[in-house]
């Protein structure tokens, strides 16, 4: 279970999102952890706004935003994937789900990040065999919501919010849509990932224009592919010219390397009309847009 604890190195300096969104996330996640005393009086001692739901296409940085939040407020973070709590043996899944929240209480202040939360809290069916696990996790969610002063915050991430159980949605009332980056944001993401590379002739504006629909993860892969192509050329040139290995310590990325990368790395997501409809119906005033997150590795 301790393998769920994340080593936090990401900061908001590494994450490319709207400053207003960062502040909104801090208000919900960081404020209660950093200032627990102010939440021990009045209505805030009895109730909390609940958890946070980040939803949108895969590869847009939902996990990184949560890591930056946890690091910002000096909290530990548990990253929980469906495979961490779903077990084929009867009773094991309930115990695993219970252990997640027990561990969070021992580590508090702690952010519990449920990746692909829809897989764990899917809408109920008449023959649903996962009810016991869901109920155990729901009890943990409710406890975290009712006892905010202990310093536990739950954040869920999904690209299929329309599959979530309604009871879970009620406990995750603060919802942020994590969109694919626009052209301006794509250029910023490219600049972040190309830090330390030489690319004097490369026009990032042009690459950003050609990568409509790419996620932050796609753009990272594009940069890696271009840099790998440049590295291959450097090795070939060194072999042909008989130069030393020291020549391989530097490389220059050229437009042709990115042209090659564009033929190898395509966008991995497609616009979901179902996701857009859900956003309009359920985000309301609680929802907001987190556009084009990115991080340095």
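The values are calculated or read from the model by the stated rules, or taken from the named source; none is laboratory data. Nothing here was measured: the structure is a model prediction, and the numbers come from that model. As a convention, Cβ positions derive from the backbone with ideal geometry for all residues, glycine included, and neighbour counts pool all protein chains shown.
Observations on the model:
- Checked against (1) surrounded by fewer than 23 Cβ atoms within 10 Å (Cβ to Cβ); (2) assigned to a loop (DSSP other than H, G, I, E, B), residue 63 meets all criteria but (2).
- The residues in segment 169-192 that are closer than 18 Å to residue 269 by Cβ and touching a residue at least 40 places away in the same chain (Cβ under 8 Å) can be counted, and the count is 10.
- Which listed residue, of 27, 18, is modelled with pLDDT under 90, farther than 25 Å from residue 134 by Cα, out of contact with any strand residue (DSSP E or B) (no Cβ under 7 Å at 6 or more places or on another chain) and assigned by TED's automatic domain parsing to the domain that holds residue 135: 27
Quick grid of which residues meet (1) under 25 Å from residue 28 (Cα atoms); (2) in a helix (DSSP H, G or I); (3) modelled with pLDDT of 90 or more; (4) out of contact with any helix residue (DSSP H, G or I) (no Cβ under 8 Å at 6 or more places or on another chain):
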site	(1), (2), (3), (4)
126	no, no, no, yes
138	yes, yes, no, no
141	yes, yes, no, no
155	yes, no, yes, no
178	yes, no, no, no
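- When segment 262-297 is limited to residues that are assigned to a helix (DSSP H, G or I) and surrounded by 14 or more Cβ atoms within 10 Å (Cβ to Cβ), the one that is modelled with the highest pLDDT turns out to be 262.
- Taken as a whole, the condition of being at pLDDT 90 or above and in contact with a helix residue (DSSP H, G or I) (Cβ under 6 Å, 6 or more places away or on another chain) applies to residue 78.
- Inclusion of residue 167 among residues that are assigned to a helix (DSSP H, G or I), over 24 Å from residue 114 (Cβ atoms) and either outside the structural domain of residue 37 (by TED's automatic domain parsing) or touching a helix residue (DSSP H, G or I) at 6+ places or on another chain (Cβ under 7 Å) (or both) is not warranted.
- Meets criteria (buried (at least 23 other Cβ atoms within 10 Å of the Cβ), over 30 Å from residue 221 (Cβ atoms) and either at pLDDT 80 or above or in contact with a helix residue (DSSP H, G or I) (Cβ under 8 Å, 6 or more places away or on another chain) (or both)) for residue 108: no
- So residue 3, is it in contact with a helix residue (DSSP H, G or I) (Cβ under 9 Å, 6 or more places away or on another chain) and either assigned to a strand (DSSP E or B) or surrounded by 18 or more Cβ atoms within 10 Å (Cβ to Cβ) (or both): no
- Residue 189 meets all of the listed conditions (1) under 19 Å from the mean Cα position of the chain (by Cα); (2) assigned by TED's automatic domain parsing to the domain that holds residue 82; (3) within 24 Å of residue 20 (Cα to Cα) but one, namely (2).
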